[in-house]
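S.K.: Take a look at the following structure, please.
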Amino acid sequence: MQTVNIGIIGGGTVGGGVVRALRRNGALMASRLDVRLRVARIAVRSRRKKRAVKLPADLLTTDWREIVEDPKIDLVVELMGGTTTAKEVVLAALRAGKPVVTANKALLAFHGEKLFAASEKSGANLYYEASVAGGIPIIKLLREGLIGNHVTELYGILNGTCNFILTQMQENGMGFDEAVAEAQAQGFAEADPSMDVDGHDAAHKVGILASLAHGFWVKPKRVFTEGIRHVTPQDLEFADQLGYRIKLLGTVKAAKDAPVQVTMYPALVPKSHVLASVGGVYNAIYLKGDVLGDTLYYGQGAGQDATASAVLGDIADAALDLKHDSPERVRAFTPHEANGEIGAIDDVVNSYYLRLNVLDRPGVLNQVASTLAKARISIASVLQPEGQEGKNVLLALMLHAAPEASMAKALKAIGKLAAVKKPTMIRVENF
Ligand SMILES: NC(=O)c1ccc[n+]([C@@H]2O[C@H](COP(=O)([O-])OP(=O)(O)OC[C@H]3O[C@@H](n4cnc5c(N)ncnc54)[C@H](OP(=O)(O)O)[C@@H]3O)[C@@H](O)[C@H]2O)c1
């Protein structure tokens, strides 16, 4: 039986998970692949660190070059994170002709094109299933299972941390800060949660999915991104009364002869839609293919084991490609849309939910309505809990569809009304 020698760079959450999963299922994989998978070396920052998953001391190195430059290593698995050294590692491995498996979405989002070019040049493939939606094999699906479809619409709940926070706020009435603290206490959020709660992590992922679906690489700055910091328990309560849940939702929409729309923002999702019931740290992707119709993928989007499972899938693909000398079988990324373009957010047409803190006195609602009318936006419904005249009261408006540019203008004008404080807009996705 052929042996594939694996060098893993990073022995933290995911690296430890991969080592443990290979211990558990390496023999099963070998019998399925007819290839033996052997962890030959592991690079970490500190040899002395206490680890939840014990790593064999004789395999450890603190110098990643010892792995990348070792002729006995057949396959490099990059699980260190970051975009600086990790880029150097992946480029060096590819240039040395070694296939690379990575879980690093930020690295791909920012440097994907450069890495794919290096992979093309050297003929060593790059595998990145674990970079999006953890245990859901969505990259394989887009590249292989759904290859015969135009993906016309894709919606994704792609950040388990945000979904956990919003679920806590919804179900337990927590405020944003309390829900973040709970996510940190349960190990779902970093000490600095900004990559998650400001939407960047999920934006990287939706950009990768959009790139695969539409055949041109989508740079992170082209993905309109908004996080969940402005969502309050009152919004979740109003949304509930109106028949919605609030989710941090990635969207990729492609109408014929129009630029592709790629966005990441919180959105009201009708309770009747299957994505509304995706709670806690789970991820889900709902997409429409022109041949297939609607389809849904659901599962754990992150965490040690779900991510390790995706890495194992890539290791298996790489091992088979090494065995059959077929690195071109499924290329890392095949650009197939030379004129691909991302549309500007201003041109996107959405429906909106608007929360206003207004002074409860006659004429205020009229002022708001006429400001909206000036921007050609009409009100679909109003939710106003009983207030006390002369006091401030919260008001929720559902607005009919309008271009983002008009909504932005209206929001600015409403913000200037003396009787209105803190107008907050959340988009509504009616699928
Ligand atoms: N955690 C998840 O649930 C998850 C899910 C999907 C994707 N990912 C991605 O997977 C990657 C790894 O994430 P993680 O959560 O496993 O991170 P982590 O727990 O912080 O582990 C990083 C590992 O890399 C090692 N390392 C860092 N810099 C190094 C260097 N210069 N040389 C050698 N080793 C170095 C660290 O060594 P020490 O242990 O000695 O510090 C550590 O073992 C990231 O790209 C992340 O975005 C993570």
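The values are calculated or read from the model by the stated rules, or taken from the named source; none is laboratory data. Remember, predicted model here, so these are calculated numbers, not experimental data. All Cβ positions, even for glycine, are placed from backbone atoms using ideal geometry, and neighbour counts span all protein chains on display. Remember, those area values only see protein heavy atoms, side chains included, never the ligands or the DNA or RNA. Shrake-Rupley method; radii C 1.70, N 1.55, O 1.52, S 1.80 Å.
S.K.: What percent antiparallel are the DSSP beta bridges of the chain, to the nearest 5?
M.R.: If I count the DSSP bridges inside the chain, around 65 percent turn out antiparallel.
S.K.: What's the magnitude of the charge dipole for segment 169-228 around its Cα centre, counting Lys and Arg as +1 and Asp and Glu as -1 at the beta-carbon? Answer in Debye, nearest 20. Numbers along the way, then the final one.
M.R.: Working: 4 positive and 10 negative charges, 129 e Å.
Charge dipole, segment 169-228, about its Cα centre: 620 debye, nearest 20.
S.K.: Go ahead and run the numbers for FRET between Ala191 and Val274, Cβ-Cβ distance against an R0 of 35 Å, rounding to 0.05.
M.R.: Between Ala191 and Val274 the formula returns 0.55.
S.K.: If you don't mind, another one. How large is ³J(HN,Hα), in whole Hz, for each residue of segment 53-61 in order, when computed from phi with the Karplus curve 6.51 cos²θ - 1.76 cosθ + 1.60 and θ = phi - 60°, using x for Gly and Pro?
M.R.: These are the phi-based 3J(HN,Hα) values: 9, 5, 10, x, 4, 6, 8, 7, 9 Hz.
S.K.: Tell me, what % of the accessible area of the chain is carbon and sulfur with a 1.4 angstrom probe? Mind dumping the intermediate values first?
M.R.: On the way: 9490 of 19240 Å².
Answer for the chain: carbon and sulfur cover 49 percent of the accessible area.
S.K.: Report, to the nearest 10°, how far helix 160-172 tilts away from the longest principal axis of the Cα atoms in the chain, using its own Cα long axis and a range of 0 to 90°.
M.R.: Compared with the principal axis, the helix lies near 40 degrees.
S.K.: Let me ask you something else. For the chain, what is the relative contact order in percent, using Cα pairs closer than 8 Å and at least 6 residues apart in sequence? Walk me through the numbers before you get to the answer.
M.R.: Working: 900 pairs, mean separation 69.0, N = 431.
Here the relative contact order equals 16 percent.
S.K.: Just order 22-28, 208-214 by mean Cβ neighbour count inside 10 Å, highest at the front, would you? Mind dumping the intermediate values first?
M.R.: Details: 22-28: 13.7, 208-214: 25.0.
Listed from highest to lowest mean packing, they are 208-214, 22-28.
S.K.: Rounded to the nearest whole Å², what accessible area per residue is found for segment 252-302 with the 1.4 Å probe? Walk me through the numbers on the way to the answer.
M.R.: Numbers: 2140 Å² over 51 residues.
On a per-residue basis, segment 252-302 sits at 42 Å².
S.K.: Taking a ≥ b ≥ c as the square roots of the eigenvalues of the Cα gyration tensor of segment 1-40, is the shape rounded (a/c under 1.5), prolate (a/b larger than b/c) or oblate? Walk me through the numbers on the way to the answer.
M.R.: Values: a/c = 3.70, a/b = 1.67, b/c = 2.22.
Oblate, because a/c is 1.5 or more while a/b does not exceed b/c.
S.K.: Here's a follow-up. Keeping every protein chain present and rolling a 1.4 Å probe, give me the accessible area per residue for segment 60-160 in Å². Can you show the working numbers first?
M.R.: Numbers: 3560 Å² over 101 residues.
It amounts to 35 Å² per residue over segment 60-160.
S.K.: Along Cα→Cβ, 7 Å out, is where each label goes; now give me the distance between the ones at Tyr297 and Gln241 in nm to one decimal.
M.R.: For Tyr297 paired with Gln241, the spin-label model returns 3.9 nm.
S.K.: Which of the three applies to segment 185-315, rounded, prolate or oblate, going by the alpha-carbon gyration tensor with a ≥ b ≥ c and a/c under 1.5 meaning rounded? Each step should come with its number before you reach the end.
M.R.: On the way: a/c = 1.38, a/b = 1.10, b/c = 1.25.
Rounded.
S.K.: If you don't mind, another one. Do any trypsin sites (Lys or Arg not before Pro) in segment 277-372 lie in a loop, going by DSSP, with at most 16 other beta-carbon atoms within 10 Å of their beta carbon, and if so which?
M.R.: Numbers: sites: Lys288, Lys323, Arg329, Arg331, Arg355; in loops: Arg329, Arg331.
Of the trypsin sites (Lys or Arg not before Pro), the ones in loops of segment 277-372 whose Cβ has at most 16 other Cβ atoms within 10 Å are Arg329, Arg331.
S.K.: What are the ³J(HN,Hα) values, in whole Hz, obtained from phi via the Karplus relation 6.51 cos²θ - 1.76 cosθ + 1.60 with θ = phi - 60°, for each residue of segment 149-158 in sequence order, with x given for Gly and Pro?
M.R.: Residue by residue, segment 149-158 yields 10, 7, 8, 7, 9, 9, 10, x, 9, 10 Hz.
S.K.: When ligands, DNA and RNA are left out and all protein chains stay put, how many square angstrom of accessible area per residue does segment 345-428 have with a 1.4 Å probe? Mind dumping the intermediate values first?
M.R.: Numbers: 4370 Å² over 84 residues.
In whole numbers, segment 345-428 has 52 Å² accessible per residue.
S.K.: Return the whole-Å distance between the Cα centroid of segment 225-240 and the Cα centroid of segment 287-323.
M.R.: 31 Å
S.K.: Now for a separate question. For the chain, set up a Gaussian network in which alpha carbons nearer than 10 Å are linked by springs, and say which option among Ile147, Ile345, Ile246 fluctuates the most.
M.R.: In this elastic network of the chain, the residue with the biggest mean-square fluctuation among Ile147, Ile345, Ile246 is Ile147.
S.K.: Taking 30 Å as R0, compute the FRET efficiency from the Cβ-Cβ separation of Thr62 and Ala96 and round it to 0.05. Spell out each step's value before the answer.
M.R.: Numbers: r = 20 Å, r/R0 = 0.65.
Here the calculated transfer efficiency is 0.95.
S.K.: Could you order the peptides 384-395, 83-94 from most to least packed, using the average number of other C-beta atoms within 10 Å per residue? Kindly include the intermediate steps, with their values, before the conclusion.
M.R.: Values: 384-395: 12.8, 83-94: 19.4.
Listed from highest to lowest mean packing, they are 83-94, 384-395.
S.K.: Please identify the trypsin sites (Lys or Arg not before Pro) of segment 175-256 that satisfy two criteria: DSSP loop assignment and at most 14 other Cβ atoms within 10 Å. Which are they? Don't skip to the answer; put the middle values down first.
M.R.: Numbers: sites: Lys205, Lys221, Arg222, Arg229, Arg245, Lys247, Lys253, Lys256; in loops: Arg229, Lys256.
Those satisfying the criteria are Lys256.
S.K.: What is the sum of charges, Lys and Arg at +1 and Asp and Glu at -1, for the other residues whose Cβ falls under 15 Å from the Cβ of Gly299?
M.R.: Numbers: positive: Lys140, Lys205; negative: Glu129, Asp305.
Taking every other residue near Gly299 into account, the sum is 0.
S.K.: Mind telling me which of Thr61, Thr307, Thr161 comes out most flexible in a GNM of the chain, alpha-carbon contacts under 10 Å?
M.R.: Thr61
S.K.: Have a look at Ala408, Ala418, Ala40 and tell me which one the Gaussian network model of the chain (Cα, springs below 10 Å) gives the largest fluctuation.
M.R.: Ala418
S.K.: Taking a ≥ b ≥ c as the square roots of the eigenvalues of the Cα gyration tensor of segment 165-246, is the shape rounded (a/c under 1.5), prolate (a/b larger than b/c) or oblate? Walk me through the numbers on the way to the answer.
M.R.: Values: a/c = 2.79, a/b = 1.59, b/c = 1.75.
Judged from the Cα gyration tensor, segment 165-246 comes out oblate (a/c at least 1.5, b/c at or above a/b).
S.K.: Give me the mean projected area, in nm² to one decimal, of the convex hull enclosing the Cα positions of the chain. All intermediate terms of the calculation are to be shown ahead of the outcome.
M.R.: Values: hull surface 87.7 nm².
That works out to 21.9 nm², a quarter of the Cα hull's surface.
S.K.: About the Cα centre of the chain, what is the dipole size in debye to 20, counting +1 per Lys and Arg Cβ and -1 per Asp and Glu Cβ, all else neutral?
M.R.: Numbers: 49 positive and 45 negative charges, 142 e Å.
So the dipole magnitude of the chain works out to roughly 680 debye.
S.K.: Let me ask something else. Quick one: which of 230-240, 119-129 comes out on top by average Cβ neighbours within 10 Å, and what's the full order, highest first?
M.R.: Sorting 230-240, 119-129 by mean packing, highest first, produces 119-129, 230-240.
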